[in-house]
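Written below as structure tokens is the structure these notes are about.
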Amino acid sequence: MPSINTFRSTLLGLARGTLFQIVITGAPVVTLDSELFRVTCKAASLPSDTINEIPVPFFGRKIYYPGDRTYSTWQTTLIGDHSWANYKQIARWHSMINHPENNVAVTTNALNFKADGKIYVYDQTDNRTLALTMVGLWPTDLGNVALDWDATDRSVDLTGTWRLITCKPLNKLLFGIMFTRESIRFPFIMVLRQ
């Protein structure tokens with residue numbers, strides 16, 4: 001059993017969930033105020049990344065192989081400002097994907113509806129410790145906004161659900177591992193030889 005001193009010398013600092021920024025850029029059709037979004041995004045998450053299973057039956061038991069990678073929807077919470085700019089811009093984005101009256105899109109080119117999102121995570125000394133890019137990001141849901149006369153001394157929260165195609169390290173370096181075929185293949189060969 002490890003000692004408390006081993007624990008303390010190994011875990012030198014904790015990751016803080018409050019030290020992050022979200023930047024959304026490159027939505028070609030939509031004018032989204034990236035700076036306003038960055039400043040008012042008060043809650044988000046790292047996107048869920050799942051590799052599905054392929055069950056193969058063999059003599060009454062199942063052997064599982066890795067399948068396709070999928071990403072769940074991504075959630076954000078924004079602070080509502082008095083102009084409702086974020087709400088209006090995301091609602092306009094929705095209308096360009098599918099107009100509420102005409103039931104048509106502004107364009108048939110799906111790239112015009114998608115943006116890139118970046119998640120930056122920092123440590124307590126303001127060093128960026130994690131940077132991810134979400135590719136093909138678009139809003140699927142502009143959540144309910146609670147309006148309540150009893151809700152005093154707080155701002156309105158604007159929740160949103162987003163769909164993405166993929167999420168990748170910003171600089172191809174994640175957790176100290178460079179993702180190339182060689183760096184993934186050779187560690188497994190080393191393990192098999194031992």
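The values are calculated or read from the model by the stated rules, or taken from the named source; none is laboratory data. Fair warning: this is a prediction, and the values are worked out from it, not measured in the lab. Because the Cβ atoms are built from the backbone with ideal geometry, glycine has one as well, and the counts that use them run over all protein chains shown. Remember, those area values only see protein heavy atoms, side chains included, never the ligands or the DNA or RNA. Shrake-Rupley method; radii C 1.70, N 1.55, O 1.52, S 1.80 Å.
Values as computed for the structure displayed
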{"read-out": "Nearest-0.05 FRET efficiency for residue 77 and residue 111, computed from C-beta distance (R0 22 Å)", "value": "0.20"}
{"read-out": "Acute angle (nearest 10 degrees) that the helix 85-97 long axis makes with the longest principal axis of the chain, alpha-carbon atoms", "value": "80"}
{"read-out": "Cα convex hull of the stretch 1-91, projected area averaged across orientations, nm²", "value": "12.2"}
{"read-out": "Among (i) 7, 25, 28, 22, 13, 5, 1; (ii) 9, 36, 37, 15, 3, 0; (iii) 7, 23, 24, 18, 14, 10, 3, 0, the entry that matches P(r) over Cα pairs in 10 Å bins from 0, in percent as calculated here", "value": "(i)"}
{"read-out": "3J(HN,Hα) from dihedral phi, the stretch 155-166, Karplus parametrisation 6.51/-1.76/1.60, rounded to Hz, x for glycine, proline", "value": "8, 7, 9, 10, 9, x, 10, 10, 10, 9, 7, 8"}
{"read-out": "Under 13 Å from residue 168, Cα to Cα: aspartates and glutamates that are on another chain or at least 8 residues apart", "value": "49, 116"}
{"read-out": "The stretch 40-54-the stretch 63-116 distance, computed between alpha-carbon centres (Å)", "value": "16"}
{"read-out": "Cα long-axis angle, helix 181-193 against the chain (0 to 90 degrees, to the nearest 10)", "value": "30"}
{"read-out": "Projected label distance in nm at residue 163 and residue 12, using a 7 Å step from Cα toward the beta-carbon", "value": "4.4"}
{"read-out": "Derived scalar couplings ³J(HN,Hα) [the stretch 65-76; Karplus, 6.51 cos²θ - 1.76 cosθ + 1.60; whole Hz; x for Gly, Pro]", "value": "10, x, x, 7, 8, 9, 10, 6, 5, 10, 10, 9"}
{"read-out": "Normalised contact order of the chain, rounded percent, pairs of Cα under 8 Å and 6 or more residues apart", "value": "21"}
{"read-out": "Distance (nanometres) between label positions extended 7 Å along Cα→Cβ at residue 140 and residue 102", "value": "2.6"}
{"read-out": "Tensor-based shape of the stretch 67-120 (alpha-carbon gyration tensor, a/c under 1.5 rounded, otherwise prolate or oblate)", "value": "oblate"}
{"read-out": "Solvent-accessible area, 1.4 Å probe, carbon plus sulfur percent, for the stretch 1-132", "value": "55"}
